[in-house]
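Engineer: Have a look at the structure that comes next, please.
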Amino acid sequence: MRLAEHDGKTLLRRHGILVPEGRLLTGPPDPAEAGVLKAQLLEGGRGRRGLVRRAGPGEAPAAAAAIRALLGDPAAPLRLEAEVAMTRELYLALRIDGTAQAIELLCAAEGGVEVEQAGALLRCHLDPDAAGAAERAFAALRPGLGPDLAARVARFALRLARIMRAEDLELLEINPLGLLADGRLMACDAKLVRDESAAFRHDSPALSAALEAAALTPLERRARDRGFHLVELPGGTVAMVTAGAGLGMLMLDLLADAGCPAACFMDNAPDGPAETMPERLALAFEIAARPEVRAVLFFTTIASRGLRGRVEALAAALRANPPAKPFFAGLAAGHAALRGYSLEQARAELAAAGVAALHDDPQALVRAVAAAVRGEG
C-alpha cells in the first residue's frame, strides 16, 4: 500500500523523525495562512505539474484553487505546511533488495529535482541491529558527503531502517532530506510503501486508502471486489491471465522482450477466494475486446492438484464465455498433477474449446503469442 505524503509524514513524526509542521486541507485554507501547498497524490512529479505551490499571506486560497483546478477536483485533499529553510538538500531512500533479502540504503549528495541528474548513488546494505552497522553506513556515505554529514546521515538512516522494519515498509524514500542550519535533518517529503501482506498488522490511513481506491480503474475495482488484483497497463497488446506475482512478472518480461507487451497484470489478494479463474477470464476478455489488444494469454502452474479438473474448468469457462481474440494457454504441471491425465489429453480438450495453442514452456507460449500478434500465425 502506498502512503500519501501526509500519512507518511504522520507516521514518521510518530517515530520521532523531524518533519515540517503542516495540516491536511479538505476545504479552502484560511486567507491568513501561508506556506507550501501540496496536492496529496500517490505518484511523483507534482512540482513539475504545478501541484506544489508556495503561498504568502492572502495567497493560499487562490493557490489551493489553482491546484484543485489542475486536478479537476474542487475538494481534492491538500497539505499546507510551513516553508523550511534548508542549507542543503539530500536524497535518501531505503528499499527492500529482494535478491539479497536485505534493506538497501541509497543516497545522493544532491536531492530535490536534481536527484534525476545525480551520478552513481551511494549505497550499501543495512542491518540496523548488526554490530558495526553505523560504521558500514558511514563508510558508504563518506565519499559523497564528507565525514561530518556522513556521520549524521548514517545515524539517521539506522533510525529509518528500524522504522522500516516496525512498519513493514518496502520503500521509505525522503526527497529532499533537508539539512537545517542547526545541523538537524528533516524529512521535507516522504514516499512510503507498505507491504500489503502485512496490512493486517497496521491501521490503514484513511487518506491513503481513499486515494488508492480513487486511482483504480473500473475493471481494477471490479477485480478487487471479486477477490484478486488487476492492474491495467497502457499500450499493451496481450491480455494476460496469471495467478501469483512471481509468475506474472516472468510472463510480463517475456512478453515485453518479444515485442508484445501485456495489457494487464493479475495477482492473488491476501485472504482472497481459492478460485477466481472465471472472474479473471471475464475481465481479461473485456480488455481483449479493445482493438489494440490482439491475443489472450493464460498461464498457470499446478503442483499437486489434478490437471484434469483444472483443464475441464478452463474449457467450461471458455465455452460459457468465448474470448474475442485468439486464446493461448500454458500449463506447467508437476508429476502428481499429471497422474491419470496427460498434456496431450489437455491439448485435445482445450483445442475443442477454442484454445489456439497449449504449451508447458513459457517461452514457447510467448513465441506463439508473438507470432499471432505479428500476423504470422
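Engineer: Of these, ALA161, ALA157, ALA109, ALA140, which one is in contact with a Lys or Arg (Cβ under 7 Å, 6 or more places away or on another chain) and either at pLDDT 95 or above or surrounded by 19 or more Cβ atoms within 10 Å (Cβ to Cβ) (or both)?
Structural biologist: Every option except ALA140 fails the conditions.
Engineer: Next up: Looking at MET266 and the list (1) under 14 Å from VAL238 (Cα atoms); (2) of a type in the set (A, V, I, L, M); (3) free of Cβ contacts under 8 Å to residues at least 12 places away in the same chain, which single condition is not satisfied?
Structural biologist: It is condition (3) that MET266 fails.
Engineer: Failed condition for GLU275, given (1) modelled with pLDDT under 85; (2) within 21 Å of the chain's Cα centre (by Cα); (3) assigned by TED's automatic domain parsing to the domain that holds ARG367, with all others met?
Structural biologist: All conditions are met except number (2).
Engineer: Just to be sure I understand the filter: pairs with C-beta atoms under 8 Å, separated by 6 or more residues or on different chains, first member in segment 86-109 and within 13 Å of LEU172 (Cβ to Cβ), second member polar (S, T, N, Q) and assigned to a strand (DSSP E or B). Which pairs pass?
Structural biologist: As it stands, the answer is TYR91/ASN175; LEU92/ASN175; ALA93/ASN175, since those pairs meet every condition given.
Engineer: Here's another thing I want to ask about it. Sort through LEU37, LEU70 and tell me the only one that's over 15 Å from LEU211 (Cβ atoms), outside the structural domain of VAL193 (by TED's automatic domain parsing) and touching a residue at least 40 places away in the same chain (Cβ under 8 Å).
Structural biologist: That would be LEU37, the only listed residue that is over 15 Å from LEU211 (Cβ atoms), outside the structural domain of VAL193 (by TED's automatic domain parsing) and touching a residue at least 40 places away in the same chain (Cβ under 8 Å).
Engineer: Right, something else. Just a yes or no: is a residue in segment 255-265 closer than 16 Å to VAL369 by Cβ, assigned to a helix (DSSP H, G or I) and of a type in the set (D, E, K, R)?
Structural biologist: For segment 255-265, residues closer than 16 Å to VAL369 by Cβ, assigned to a helix (DSSP H, G or I) and of a type in the set (D, E, K, R): present.
Engineer: Go through the residues of segment 361-374 one by one and say whether even a single one is in a loop (DSSP other than H, G, I, E, B) and surrounded by 15 or more Cβ atoms within 10 Å (Cβ to Cβ).
Structural biologist: Looking for residues that are in a loop (DSSP other than H, G, I, E, B) and surrounded by 15 or more Cβ atoms within 10 Å (Cβ to Cβ), one finds none in segment 361-374, hence no.
Engineer: Name the one entry in ALA65, ALA93, ALA69 that is at pLDDT 95 or above, in contact with a strand residue (DSSP E or B) (Cβ under 7 Å, 6 or more places away or on another chain) and either closer than 25 Å to ARG123 by Cα or not acidic (Asp, Glu) (or both).
Structural biologist: ALA93
Engineer: Do any strands (runs of 3 or more DSSP E) entirely within segment 176-240 hold 1 or more residues that are in the same structural domain as ASP271 (by TED's automatic domain parsing), over 22 Å from ILE96 (Cα atoms) and under 15 Å from the mean Cα position of the chain (by Cα), and if so, which?
Structural biologist: 228-232
Quick grid of which residues meet (1) aromatic (Phe, Trp, Tyr); (2) on the phi > 0 side of the Ramachandran plot; (3) not assigned by TED's automatic domain parsing to the domain that holds ARG221:
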residue: ASP257; (1), (2), (3): no, no, no
residue: PHE265; (1), (2), (3): yes, no, no
residue: ASP271; (1), (2), (3): no, yes, no
residue: LEU283; (1), (2), (3): no, no, no
residue: ALA289; (1), (2), (3): no, no, no
residue: GLU312; (1), (2), (3): no, no, no
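Engineer: Where residues in segment 71-84 are aliphatic (A, V, I, L, M) and surrounded by 15 or more Cβ atoms within 10 Å (Cβ to Cβ), which of them is nearest to ALA34 (Cα to Cα)?
Structural biologist: LEU80
The values are calculated or read from the model by the stated rules, or taken from the named source; none is laboratory data. Everything quoted here is computed from the prediction, not taken from an experiment. Cβ sites come from the backbone with ideal geometry, for glycine too, and all protein chains shown count toward neighbours.
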